[in-house]
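Derivation of every value follows stated rules applied to the coordinates shown; laboratory data play no part. Please read these numbers as outputs of a predicted model, since none were measured by experiment. No Cβ is skipped: glycine too gets one built from the backbone with ideal geometry, and neighbour counts run over all protein chains shown.
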Amino acid sequence: MHDCESIAQFLERAGAAERAAPPEPIRAHLEQCPHCRELWRFMADAEPAALTPQAEERITQTLLGSLQAVRPLPSRTMIALAFMAVFLAVSALTVALVGWSSAQAMTTLQLLGMLAAILVSAGLTGFWLSGEMAPGEKRWTGPGGLCAGSLAALGTLILVLFPWEAPPGWLAISIKCFRAGFVLSLPAVAPLVWLLRRGFPLSWGAVGAGAGLLAGMVGFLMLHMECRFYSAPHIVLGHLTAPLAAAGVGYALGKVIEAYQRSRAAEA
Amino acid sequence: MQKYQQADPVATAELVRTLSPMLLRFLAGPIQTRAHAEDMLQECWLRVHKARHTYRPGSPVLPWIFAIARYTRVDAYRRRSSIDRRELPSEDLETAAPGAAEPEPSTGLDLWRLVGELPDSQQEVVKLLKVSGMSLEEVARATGGTVGSVKQKAHRAYRKLREMLEQRGFPGGGGAR
Ligand SMILES: [Zn+2]
């Protein structure tokens, strides 16, 4: 026997065809329950709204007026790989420039554990970003979830791998590290924007946050390879804040772009 | 859609003809004037046109196009937030649309009104499910959410609608049916 609640559950999952012709047990309930019947009837009828011939003609002519063949965006995987390539190339350049003296001083676990986490984090961010470039792509989390997830995972790993001590002067050094990490994230911005330019993001704020996070990871990686101040509080406060700040700045810039676009659309 | 990307004029006109009625219904809802709704539709198609290279051949068209439609709608509402959009009667779209869904216009309208009382995010999910015939997964893609959240919104909306129908003794009166 079906009750009203299970009818609603069925209706959630029903496709258009099932809604048009409900299976027998559902139909039995609909026949005796006027409220479910009404709701079902409402959901089964798409009620497409006919537009005036003039409107249809106007729209068609507008599109035909500037109709040119376009090259479809590459697949999400391809774009994600391109983001990863940018990340790796800029990171390699930065490390080559700044140095990797810390890499020799760390334990293998500290070095490789963090490197692996950074690479996974950057890869996921790149894949997420590739989805933001086109409308209607699968999205498993928003920009806030992406940043929080990435940074929390990295933060946890830092707390596990590095000693919990705060030697004197750690705060001042943290500020120095943060500044260097943030500034050295900037070179990644130009190639990322170049990759993003072909997209049609529906949320520039989200794209800004994702791109900022990815660029900030370059700075974070550079600090990991060069900074020899092994203290968990320092690494969290001085290193991990670089991608966090970069994501925040990216988000803010994205919002500025959105506001600008809206004001232009309002003028038009 | 692929032919549209390749600049085929016949396919382009066909696409406008087949998708516009559901897009218009989604954009308009029950609370718009016809002219305003058609303006929004035109704006939506302009965005579709600009974004047409981002459609990936082989993937479903509806989540892609409704994601743009949703964005157009949110944008238009934001711009016009100062205008009281509830001023205008919902019948406008029905009566001005010859050949629009004629049967049982009154029952349809009353439920539209109840839908209008739902929270915005639930309204949107109900409209997308109703108007486009998309699956939960596709609606999730169109709204940039997860399947779980879409499902929850649909569930809450249906329950609320049913409660409202019960409380208001609807469908009453015309008990003939
Ligand atoms: Zn440091």
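Observations on the structure shown:
- Residue by residue, the stretch B:137-152 carries 3J(HN,Hα) couplings of 4, 5, 5, 4, 5, 5, 9, x, x, 9, 4, x, 5, 5, 4, 5 Hz when phi is fed to the Karplus relation 6.51 cos²θ - 1.76 cosθ + 1.60 (θ = phi - 60°); x denotes Gly or Pro.
- Largest-first ellipsoid semi-axes for the stretch B:1-82, taking √(5λ) over the Cα gyration tensor eigenvalues, angstrom: 24, 13, 11
- Mean per-residue shielding of peptide B:153-160 is 4, counting Cβ atoms of other chains within 10 Å of each Cβ.
- Listed by chain and number, the lysines placed with their C-alpha closer than 17 angstrom to that of B:Lys160 are B:Lys127, B:Lys130, B:Lys151; residues fewer than eight positions away on the same chain are left out.
- Sorted largest first, extent of chain A alpha carbons per principal axis (Å): 76, 56, 31
- For A:Lys255, the lysines whose Cα falls under 23 Å of its own Cα, not counting residues fewer than eight places away in the same chain, are A:Lys138, B:Lys50.
- Cβ-derived FRET efficiency at R0 30 Å, A:Arg264 paired with A:Gln61, nearest 0.05: 0.80
- Cα centroid of the stretch A:1-77 to Cα centroid of the stretch A:169-216, whole Å: 41
- Put a dot 7 Å past the Cα of A:Gln9, heading toward its Cβ, do the same for A:Arg228, and the two dots end up 6.3 nm apart.
- Within the stretch A:31-119, the chymotrypsin sites (Phe, Trp or Tyr not before Pro) that combine a DSSP coil assignment with at most 16 other C-beta atoms in a 10 angstrom radius are A:Trp100.
- FRET efficiency for the pair A:Arg197 and B:Glu137, taken as 1/(1 + (r/R0)^6) with r the Cβ-Cβ distance and R0 = 51 Å, rounds to 0.95.
- Note on A:Lys176: aspartates and glutamates with a C-alpha under 19 Å away, same-chain residues under 8 apart excluded, are A:Glu165, A:Glu226.
- Near the amide H of A:Leu184, within less than 5 Å, lie no amide hydrogens of residues on another chain or at least 5 residues away, with H placed in the peptide plane.
- Chain A: DSSP helices with Cα axial extent of at least 30 Å and average Kyte-Doolittle hydropathy no lower than -1.0: A:76-98, A:108-132, A:204-226, A:241-267
- Value of D in µm² per second that Stokes-Einstein yields for the stretch A:4-66, Kirkwood Rh from Cα pairs, at 37 °C (0.692 mPa s): 234
- Distant-in-sequence amide H partners of B:Tyr55 (H built 1.01 Å from N, under 5 Å): A:Leu73
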